[in-house]
Amino acid sequence: MHKLFKVVNLMQIIRLLYQLIVPESLRPRIKNGQYRIRAVFYKGNNVHCPCCNHSFDKFLPFGLGWKRRENAACPSCNSLERTRLMWLYLLNEVKIDSMPNANILHFAPERYIALNLKKMSALNYISADLNPALADIKVNIENIQFDDNYFDVILCSHVLAHVYDEDKALTELYRVLKPGGWALIITHIFENLEKT
């Protein structure tokens, strides 16, 4: 037990040093490099990731304890099932690549969805997060600094469960959405709540 405690402390020290030395804006690129190295060991044709457009022998497990899911994370881009599904929905159902001049606001952007949307030059794409190192601009979802009726599309996955006032956030999303625009809002499922 004593040796395990030393290892845990050492890992915490290494993590702290990493956070002090490596700028936050650079960390996603480092992780991406780690994922690409990992992906080499899973090359195959059994599964395909639409986010990074690579095929593998299998997807990797993700999560801890009873929440651990097999076949969940892409070895190359680390996208999860919900991200891959969201990207396929945007491409195949909405046909987002054929929406010229659409103003798109994307909260807490999933890395590969953001990269793919930025490549579509016909779109006016803006990624937003409370942490400016993780997106194009800093935006508080409860107080969005854009004019009324500004966005054609809003993407918001797994954000609302983390805000203080969910009703205010939804009101703001509605306010900045154009009439006829649409929002794709994905949130956690709390199965033990009587009312959501």
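The values are calculated or read from the model by the stated rules, or taken from the named source; none is laboratory data. Remember, it's a predicted structure, so these values are computed and weren't measured experimentally. Note that each Cβ is placed from the backbone with ideal geometry, even for glycine, and that neighbours are counted across all protein chains shown. Surface areas here come from the heavy atoms of the whole protein model, side chains and all, with no ligands, DNA or RNA. Shrake-Rupley method; radii C 1.70, N 1.55, O 1.52, S 1.80 Å.
Summing +1 for each Lys or Arg and -1 for each Asp or Glu among the other residues whose beta-carbon sits under 15 angstrom from that of N103 gives -1. Computed over the Cα atoms of the chain, pair by distinct pair, the Kirkwood hydrodynamic radius stands at 19.0 angstrom.
Report the Stokes-Einstein translational diffusion coefficient (µm² s⁻¹, integer) for the stretch 91-196, Rh taken as the Kirkwood radius over Cα pairs, at 4 °C with viscosity 1.567 mPa s. Calculated translational D: 90 µm²/s.
Relative contact order of the stretch 99-146, taken over Cα pairs closer than 8 Å and 6 or more residues apart, is 34 percent. Volume of the convex hull of the stretch 82-123 (Cα atoms only), normalised per residue: 63 Å³. Seen from every direction in turn and averaged, the convex hull around the alpha carbons of the stretch 98-156 projects onto 3.9 nm². With the helix formula -39500 (n - 2.57) applied to DSSP H stretches of n ≥ 4, the chain reaches a computed 222 nm mean residue ellipticity of -9500 deg cm²/dmol. Against the compact-protein benchmark of 2.2 N^0.38 Å, the Cα-based radius of gyration of the stretch 133-176 scales to 1.12.
Between R27 and V47, the C-beta separation translates, for a Förster distance of 35 Å, into a calculated FRET efficiency of about 0.85. For the stretch 60-184, the solvent-accessible area works out to 53 Å² per residue, with a probe of 1.4 Å and every protein chain left in place. Using every pair of separate Cα atoms, the Kirkwood estimate puts the hydrodynamic radius of the stretch 33-75 at 10.7 angstrom. The gain in end-to-end length when the E166 to N149 segment is fully stretched comes to 4.1 nm, 0.36 nm per residue minus the alpha carbon separation. Taking the longest Cα principal axis of the chain as reference, the axis of helix 166-176 is set at about 50 degrees.
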